[in-house]
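> Quick one: the structure is below, and I'll ask about it shortly.
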Amino acid sequence: MEKLAARWYNEIAMNEAEVLKVLQDVGAFRAGHFVFTSGLHADTYINKDAIYPHTRAVSQLCAEMAARFANDDVDVVIGPAYGAIILSTWTAHHLTEMRGGDVYGIYADKVDGGLEIRRGYDRLIAGKRTLVVEDLTTTGGSIKKVIEAAREAGAELVGAAEGVLCGDATG
């Protein structure tokens, strides 16, 4: 399996410029002045909703996230509702293809300002090697909530990946 995963990674490894090109090609990259839900400001923004209808682009970006964890024996990929549901499914799909066995793609529901694993997904994640994915990250708050919910459900965390890191935001 390690050779297969390494082959996949070598075939799809993208650098930052290539990821930016994919986002630009589908109209997801925006320049201007933006205020995030965290209250932080930035001069660029990734409109994740602009990329989701483009299944090839979403698949390509999720294959990249999957490749980075291809040798980590991931059993489950989880993201927060609603933005990362698509990403968790596609990333799990690519990990399934890489490893040759099922990897579940699930999500945590928003509940009272936090996140909770419902819908029977708690049974799928308990005791399983789990990767957390998120679409956009500014402060890391959503990823932290998913990690807390996954730990509460008994998951063994392997790592976390985000589609886009909005690290140049200011207060």
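> Please determine, by comparing only the residues of segment 125-136 that are surrounded by fewer than 19 Cβ atoms within 10 Å (Cβ to Cβ) and of a type outside the set (D, E, K, R), which one is farthest from VAL77 (Cα to Cα).
Taking the candidates together, the pick is LEU136.
> Kindly indicate whether any position in segment 59-75 is of a type in the set (Ser, Thr, Tyr) and under 19 Å from SER142 (Cβ atoms).
No, segment 59-75 contains no residue that is of a type in the set (Ser, Thr, Tyr) and under 19 Å from SER142 (Cβ atoms).
> Between residues in segment 117-129 that are of a type outside the set (Val, Ile, Thr) and residues that are open to solvent by 50 Å² or more (accessible area, probe 1.4 Å) and part of a strand (DSSP E or B), which pairs lie under 6 Å by C-beta distance while being six or more apart or on different chains?
LEU124/TYR104; ARG129/GLU156
> Across segment 5-49, what is the number of residues that are among the aliphatic types (A, V, I, L, M), touching a Lys or Arg at 6+ places or on another chain (Cβ under 8 Å) and at pLDDT below 80?
1
> Wholly within segment 13-121, which strands (runs of 3 or more DSSP E) include no fewer than the required count, namely at least 2 residues that are over 20 Å from GLY159 (Cα atoms), in contact with a strand residue (DSSP E or B) (Cβ under 8 Å, 6 or more places away or on another chain) and open to solvent by less than 80 Å² (accessible area, probe 1.4 Å)?
29-35, 41-46
> Here is a follow-up. Any idea which of THR89, THR44 is in contact with a Gly (Cβ under 6 Å, 6 or more places away or on another chain), of a type in the set (S, T, N, Q) and within 26 Å of VAL26 (Cβ to Cβ)?
Only one candidate passes the filter, namely THR89.
> Turning to a different aspect of this structure: Give the residue, chosen from ALA57, ALA155, ALA149, that is among the hydrophobic types (A, V, I, L, M, F, W, C) and under 29 Å from ASP25 (Cα atoms).
So the residue among ALA57, ALA155, ALA149 that is among the hydrophobic types (A, V, I, L, M, F, W, C) and under 29 Å from ASP25 (Cα atoms) is ALA57.
> Can you pull out the residues in segment 144-157 that are touching a residue at least 40 places away in the same chain (Cβ under 8 Å) and open to solvent by less than 50 Å² (accessible area, probe 1.4 Å)?
VAL146, ALA149, ALA150, ALA155
The values are calculated or read from the model by the stated rules, or taken from the named source; none is laboratory data. Just so you know, these numbers come straight off a predicted model, no measurement behind them. All Cβ positions, even for glycine, are placed from backbone atoms using ideal geometry, and neighbour counts span all protein chains on display. Accessible surface is based on the protein model in full, side chains and every heavy atom, while ligands, DNA and RNA are left aside. Shrake-Rupley method; radii C 1.70, N 1.55, O 1.52, S 1.80 Å.
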